[in-house]
């Protein structure tokens, strides 16, 4: 394929596993001149960097945006309050507050709600009896949105508007470099999004309910409470993160099952394979291609001097296909059964919502493949998200 430094080159977007795989085998710590940072690709190295809080930082990346000359005051104020952009000890405190709400018992309680939401969406499709569906619009997006809005206590009726705001936030957050006016679009949408959430937060202060917004208003951990700005920022961040990657997980997984009919048949015949299938989808074709870190303290790595102030791109896509770790890594095998992938990251910033995303996917895939036993792709060609950080189709049309 050849190495280009353009991370949004159409060939790189279309074939990231091949692109990052070549870097992994030739130069595992690679300086990308155009992006202006280092790319790390081997499994052991990526895992090491994900837990190296001494040298690497997510907060440095937020500071880079905050200190820029861009006229984006709302973004500059909100992003540094997100748990995704905080280093310990601030990250530890906020994660402890949020983590109490996403404890295993809460996730377990959501199972019946996920099953009901999944079946409702399938029933809606079957009632219309269409020849074709667009999976993302009709299933992969509304399912996680229904779950996270219910948990937060937001009206489901606003799901279309929430989706539009989230799409605009993704332009900056996921580095959609080719999108026109991406920073301004993000700024306008996040301002509207925050105003919408603030109204709900204020209503919960006056009339508490049994939902996550009320919990965040009242929560305390190690003497720490959240002020209203922090609650608003946290809710916006959770709602964005609570459906964006899960939508892509459901879309990518459906695509791979259809591309591997023997694996789809196995899952249809034995739904108990769903947990293993979800882990293989996360490894083989997960929604997160890469994570970024800023360098807060220089260090030497594989003979390269990584300097403070530089940045690092940790390629989850390459790490999850590293033959040093996984046997036959380019084979899609839903019986593989490993959870040692880094599809949800690793270390301090391991995805907070991973248990909920796993639950949604474990319920959704068996239900979908059994409801539509003859589903097939309308078109093998896929238009992928134009981002170096996330992976998912823009749409996925299926004959059902």
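If you take the Cα centroid of segment 188-225 and the Cα centroid of segment 376-394, the two points sit 35 Å apart. Computed from label points 7 Å out along Cα-Cβ, the spacing between residue 327 and residue 66 is 4.8 nm. Across 133, 39, 213, mean-square fluctuation computed from a Gaussian network of the chain (C-alpha pairs under 10 Å connected) peaks at 133. The alpha carbon gyration tensor of segment 193-241 gives principal lengths a ≥ b ≥ c with a/c of 1.5 or higher and a/b no greater than b/c, which makes the shape oblate.
Centre-to-centre separation between the Cα atoms of segment 5-59 and those of segment 107-143: 36 Å. Using a Gaussian network model of the chain in which every pair of alpha carbons under 10 angstrom is joined by a spring, one finds that among 183, 48, 91 the greatest mean-square fluctuation is at 48.
Distance between the modelled labels on residue 198 and residue 103, one decimal in nanometres: 3.3 nm (7 Å Cα→Cβ projection). Within the set (1) 1.16; (2) 1.34; (3) 0.96, the number that Cα Rg over 2.2 N^0.38 Å takes when calculated for this structure is listed as (3). When the helices of the chain are scored as -39500 (n - 2.57) per DSSP H run of n ≥ 4 and the total is divided over every residue, the value at 222 nm lands at -16000 deg cm²/dmol.
For segment 10-399, the relative contact order is 27 percent, taking Cα pairs closer than 8 Å that sit 6 or more residues apart in sequence and dividing their mean separation by the residue count. Scoring 248-261, 368-381 by mean Cβ neighbours within 10 Å over their residues and listing the highest first yields 248-261, 368-381.
GNM remark for the chain: springs join alpha carbons under 10 Å apart, and the peak mean-square fluctuation among 288, 69, 112 falls on 69. Distance between the 7 Å Cα→Cβ label points at residue 156 and residue 123: 1.0 nm.
All of the numbers you see were taken from the coordinates with simple rules; none came from a lab. Keep in mind that what you see is a predicted model, and the values were worked out from it rather than measured. With ideal geometry, Cβ positions are generated from the backbone for all residues, glycine too; neighbour counts draw on all protein chains shown.
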